[in-house]
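Here the structure comes first, spelled out in structure tokens, and everything after it is commentary.
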Amino acid sequence: MSSPATTAFRPTPRPAGDPPPSAPRLCTPRRHTAGRRPRRSVLLTVLTGLVLLYALVPLLWLAVSATKTQEGLAGSSGLWFGGDFALWDNISTTFTYNDGVFTRWLLNTLLYVGLGAGGATFLAVLGGYALAKFDFPGKRAVFAVVIGAVAVPGTALAVPTFLMFSGMGLTDTPWAVVIPSLISPFGLYLMWVFATEAIPTELMEAARIDGAGEVRTFFQVGLPLLAPGIVTVLLFTMVATWNNYFLPLIMLKDPDWFPLTLGLNSWNAQAATAGGEAVFNLVITGSLITVLPLIAAFLLLQKYWQSGLAAGSVKE
């Protein structure tokens, strides 16, 4: 026979057919079921379409106009093909016109991008890694200087840079374009922020315990983790150097050292000079050839670029 205490705490039998009591559940975010689609914004779709047209229409005009001759540019619609398909002739003439100077301009641009953008990316990676993972006196002052440098436009420093390089005898040389391109305050700041979240401090301490020095830790531990950020900074600096126009304009006088931006502008200005030959079809074809490497770079490195922008956005 059971005691009164045992009887008092004995659970009351549940009537047949009643559902079992459910345990308390935590509030979870509402998720979309498989049968329901998220709500779409018509206004956002329209704005996205307008931005897409704004970006693609000039590229379409460039591709279509590159297939026309000099006479066809004036006698046909800008967004449709002319009577003759002269794309291959325009490309051949672009590379052979004026003793093939376009090839020289292309090689100069590759030189400026390789040394300038590549060097700027490497320095940004070194500086961002050091600022993110090491403490030293004056770190806040360095942060203030970097933020201030990001806010200063490059055109504001063009004249002082020209005067300084003129006094050093470096104007009208490739170094007048390469050396200023090595400084990328935005790339340094981006790598600083990325390295702070991408490289765990515990992983660096484990490498040091295993006997790895700081250089080995950086190249074997930190550098692989910084790959998405490196590609992101490389794309930004490469586009900035590839499209750089104002700095070469004030630094260079010799056409043999012109980049593509400055060289194509000189071809475009020929029509306004006395006795100059109008070669607008070559300018357009050269512009199309100029943008193709940038498009290829973005398409090939897109996955690294997207992961670099999304790094640190989700905390696990």
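The values are calculated or read from the model by the stated rules, or taken from the named source; none is laboratory data. None of the values given here were measured: they were computed from a predicted structure. Don't worry about glycine lacking a Cβ; one is built from the backbone with ideal geometry, like all the others, and counts go over all protein chains shown.
The helices (runs of 4 or more DSSP H) falling completely within the stretch 65-179 that include 3 or more residues that are surrounded by fewer than 16 Cβ atoms within 10 Å (Cβ to Cβ) and hydrophobic (A, V, I, L, M, F, W, C) map to 87-112, 139-151, 158-168. Just to be sure before I move on: is residue 159 β-branched (Val, Ile, Thr), over 24 Å from residue 231 (Cα atoms), modelled with pLDDT under 90 and more than 17 Å from the chain's Cα centre (by Cα) in the structure I sent? So residue 159 fits the description; yes.
Results for (1) of a type in the set (S, T, N, Q); (2) under 20 Å from residue 119 (Cβ atoms); (3) more than 27 Å from the chain's Cα centre (by Cα); (4) at pLDDT 90 or above, shown as yes or no for each residue.
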site	(1), (2), (3), (4)
165	no, yes, yes, yes
180	no, yes, no, yes
186	no, yes, no, yes
190	no, yes, no, yes
195	no, yes, no, yes
198	no, no, no, no
222	no, yes, no, no
